[in-house]
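Note sheet for the following structure.
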Amino acid sequence: MRIALLGYGKMGKVIEQIALQRGHEISAKIDVSNRTEILALSRENTDVVIEFSSPESAYGNLKYCMEFGIPTVCGTTGWLQHKPEIEKLCVENKAAFFYASNYSIGVNLFFELNKTLARLMNPYKEFKVSTNEIHHTEKKDAPSGTAITLAEGIIDNLTDKTTWINNQIAAENEVPIWSSREGKVPGTHTVKYISDVDQIEITHIAHSRHGFALGAVIAAEWLNDKQGVFGMNDLLGLK
Ligand SMILES: NC(=O)c1ccc[n+]([C@@H]2O[C@H](COP(=O)([O-])OP(=O)(O)OC[C@H]3O[C@@H](n4cnc5c(N)ncnc54)[C@H](OP(=O)(O)O)[C@@H]3O)[C@@H](O)[C@H]2O)c1
């Protein structure tokens, strides 16, 4: 496939290596310095765009791709207030759009474990839930998209939780997400249930960016010839 990379930073570079190893061609590499080159991308010269840029640029990039009907896999976090609009454009233009807050297979299994644990904990109100995420110091958004997905999994399954809150003491109806930024950490997420007498804790630790990048390339291969809006549950056959 001819893959155009929108965003050629830490993730874009690992995606390039993996895509080449899997026999694909990188037909464009676009970052801030050459960002107007997006205007040259079309359905005719690009099989799929893989977008890992920044929270500020993702919306404009995705709007362009959807308006021109270019199948797009996006991993950028921190722009999700615009996601309904991008999904609408995707449908209107018969394009294909794949989004995941986290492309690692392990994290997506962790998401399922998190939902199951929340369902199990629902009757046991003596346990107080909290989550935390640690990322490298260059990460621009907080909380991480992965932490938000975990919080949403808890909110959908714990009846007394209706929303999440970041880096502040939580009210009864809020799931606290504590974010910290340290060194070069690729991504660590923990969900804890603490009672007066004991504690249950599940943690996912990414050892490198390889798992995210491989998942994004697999999603791009899977998206080929599809139309519509998709996510990891479609790719992995999860509910
Ligand atoms: N979903 C997942 O599995 C997953 C995993 C890891 C990271 N992420 C997310 O992916 C995004 C990128 O992460 P990263 O670690 O690669 O960040 P990064 O190293 O900062 O790279 C971002 C890249 O985007 C470029 N960029 C900025 N504005 C642009 C624009 N208008 N058009 C095209 N490119 C533009 C930057 O260019 P310059 O270098 O010239 O500024 C840089 O090359 C972040 O939102 C991060 O949270 C998602």
Discussion item. If packing is taken as the average number of other Cβ atoms within 10 Å across a peptide's residues, how do 27-39, 147-159, 123-135 rank, most packed first?
Written reply: 147-159, 123-135, 27-39
Discussion item. Under the √(5λ) rule applied to the eigenvalues of the Cα gyration tensor, what semi-axes describe the equivalent ellipsoid of segment 151-220? Give them in Å, descending.
Written reply: 27, 16, 13
Fill in: Extension gain from ASN34 to TYR124, taking 0.36 nm per residue of separation minus the Cα-Cα distance
27.0 nm
Practice prompt. Return one number: the angle in degrees, 0 to 90 and rounded to the nearest 10, between the long axis of the Cα atoms of helix 210-223 and the longest principal axis of the Cα atoms of the chain.
Written response: 60 degrees
Worksheet item: Expressed in nm to one decimal, what extension gain is obtained for the pair VAL185 and LYS115 from 0.36 nm per residue of sequence separation less their Cα-Cα distance?
Response: 22.7 nm
Practice prompt. Quick one: what are the phi-derived ³J(HN,Hα) couplings along segment 180-195, Karplus 6.51/-1.76/1.60 with θ = phi - 60°, whole Hz, x for glycine and proline?
Written response: 9, 10, 9, x, 10, 4, x, x, 10, 10, 10, 10, 10, 10, 10, 10
Practice prompt. Give the calculated FRET efficiency between GLU172 and LYS239 to the nearest 0.05, with a Förster radius of 25 Å applied to their Cβ-Cβ distance.
Written response: 0.30
Item to complete: For GLN227 and GLU92, calculate 0.36 nm times their separation in residues minus their Cα-Cα distance, and state this gained length in nm to one decimal.
Response: 47.5 nm
Fill in: Charge sum, other residues only, whose C-beta stays under 13 Å from GLU67's C-beta, Lys/Arg counted +1 and Asp/Glu -1
+2
Practice prompt. In Å and from the alpha-carbon atoms only, list the Rg and Dmax of the chain.
Written response: 18.5, 62
Worksheet item: Along each of its three principal axes, how wide is the spread of alpha-carbon positions in segment 103-233, in whole angstrom units, largest first?
Response: 50, 34, 22
Worksheet item: So how tilted is helix 83-92 from the main axis of the chain? Cα-based, degrees 0 to 90, rounded to 10.
Response: 40 degrees
Worksheet item: Among the listed pairs LYS88/LYS139; LYS192/LYS239; LYS10/LYS125; LYS29/LYS115; LYS88/LYS184; LYS125/LYS239, which are separated by more than 31 Å between their Cα atoms?
Response: LYS10/LYS125; LYS29/LYS115; LYS88/LYS184
Worksheet, complete the sentence: Expressed as a percent, the accessible surface of the chain that is carbon or sulfur, using a 1.4 Å probe and the full set of protein chains, is 54 percent
Item to complete: Take peptides 164-177, 213-226 and line them up by average Cβ neighbours within 10 Å, highest first, as a rough protection proxy.
Response: 213-226, 164-177
Worksheet entry | FRET efficiency, 1/(1 + (r/R0)^6) with R0 45 Å, evaluated for SER195 and SER42 via beta carbons | 0.20
Discussion item. Helix 145-155 against the longest principal axis of the chain: what's the angle in degrees, Cα atoms only, rounded to the nearest 10?
Written reply: 40 degrees
Fill in: Partners for LYS83 among aspartates and glutamates (Cα-Cα distance below 18 Å; same-chain residues under 8 apart left out)
GLU51, GLU56, GLU67, GLU92, ASP141, GLU152, ASP234
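The values are calculated or read from the model by the stated rules, or taken from the named source; none is laboratory data. Predicted, not measured: the structure shown is a model, and the values here were computed from it. Here the Cβ is made from the backbone with ideal geometry for all residues, glycine too, and neighbour counts use every protein chain on show. Ligands, DNA and RNA are excluded from the accessible area calculation, which covers all protein heavy atoms including side chains. Shrake-Rupley method; radii C 1.70, N 1.55, O 1.52, S 1.80 Å.
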